[in-house]
């Protein structure tokens with residue numbers, strides 16, 4: 001029986017790569033993004049039979065409507081991937097950045113919960129091997145200069161997913177946390193600095209899908225960034241501050257990416 005996979009942030013980057021990967025495996029997809037024209041183009045590329053939902057993931061009513069439609073048409077999904085995310089350079093000292101801060105938190109944290117919430121009852125009822133997948137980031141492991149909002153949102157996502165994993169364990173729904181390093185996407189394309197271990201989105205999608213299939217509770221992809229992340233966790237604050245205070249950062253004032 002074909003997999004049923006629901007993916008947010010599906011119109012570009014990691015989400016698009018995941019959609020292409022799962023469609024090639026014969027999955028039935030629910031594709032979510034804000035840009036309807038991008039979704040329509042992607043759906044046509046994938047055969048035209050998938051469900052598309054143009055919405056903002058931070059809108060719980062729109063998320064509920066999309067989930068209800070997908071379940072009515074195809075049944076409870078096997079995999080729900082909360083991939084939608086935005087990034088921008090932010091500095092708290094500039095009050096004009098506060099609205100950007102709010103938008104990042106709304107999309108990257110609240111949007112993840114709003115994605116999962118309407119599916120959980122149906123997934124519990126359906127039983128079987130089902131997955132809730134949250135795309136976090138290594139940026140959530142320690143705070144990065146110039147990325148206060150993004151780092152905070154991804155740290156919150158990691159902790160939220162851990163709590164959700166405990167809540168879902170008794171009903172057999174696995175919660176998978178994936179913390180990517182640098183993946184070649186429109187989000188990283190605006191970074192004006194070198195990005196170690198940069199991974200093409202297509203390769204990243206294959207590795208993500210493998211982690212999802214295995215039901216890994218937490219993984220960093222690529223693995224080299226996992227090693228870096230573990231080392232960063234071990235650094236005392238005085239040394240971390242000395243090494244990263246003047247680290248390169250995403251510029252302020254760019255559109256959310």
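Every number here is computed from the coordinates shown, using simple stated rules; none is lab data. Just so it is clear, the structure is predicted and the values come from calculations on it, not from any experiment. Reconstructed Cβ throughout: ideal geometry from the backbone, glycine too, with neighbour counts over all protein chains shown.
What the table shows:
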read-out	value
For the range 199-257, convex hull of alpha carbons as volume per residue, Å³	139
Nearest-ten-degree value, helix 223-234 long axis tilted from longest Cα axis of the chain	50
Acute angle (nearest 10 degrees) that the helix 13-24 long axis makes with the longest principal axis of the chain, alpha-carbon atoms	30
Listed residues 197, 38, 94, most fluctuating in the chain (Gaussian network, C-alpha, under 10 Å)	94
Mean separation of Cα contacts under 8 Å, 6 or more apart, over the residue count of the chain: relative contact order %	20
Highest to lowest packing among 151-158, 19-26, 41-48, scored as the average C-beta count within 10 Å	151-158, 19-26, 41-48
Mean Cβ neighbour count within 10 Å, used as a protection proxy, ranking 139-148, 28-37 highest first	28-37, 139-148
Degrees separating the helix 60-74 axis from the principal Cα axis of the chain, which is the longest one	40
Measure of compaction for the chain (Cα Rg per 2.2 N^0.38 Å)	0.98
Shape parameters for the range 1-151, alpha-carbon atoms, Rg then Dmax in Å	16.0, 54
Mean Cα-pair separation over length for the range 21-95, i.e. relative contact order, pairs under 8 Å, 6 or more apart, %	23
Max mean-square fluctuation residue, GNM over the chain, Cα-Cα springs under 10 Å, options 27, 117, 67	117
Anisotropy class of the range 138-208 from Cα gyration tensor, a/c 1.5 cut	oblate
Inter-part distance where the range 1-53 and the range 215-236 are each reduced to a Cα centre, Å	29
Value of [θ]222 nm, deg cm²/dmol, for the chain, DSSP H segments ≥ 4, -39500 (n - 2.57) each, nearest 500	-13500 deg cm²/dmol
Highest-first arrangement of 163-169, 209-215, where packing means the average Cβ count within 10 Å	209-215, 163-169
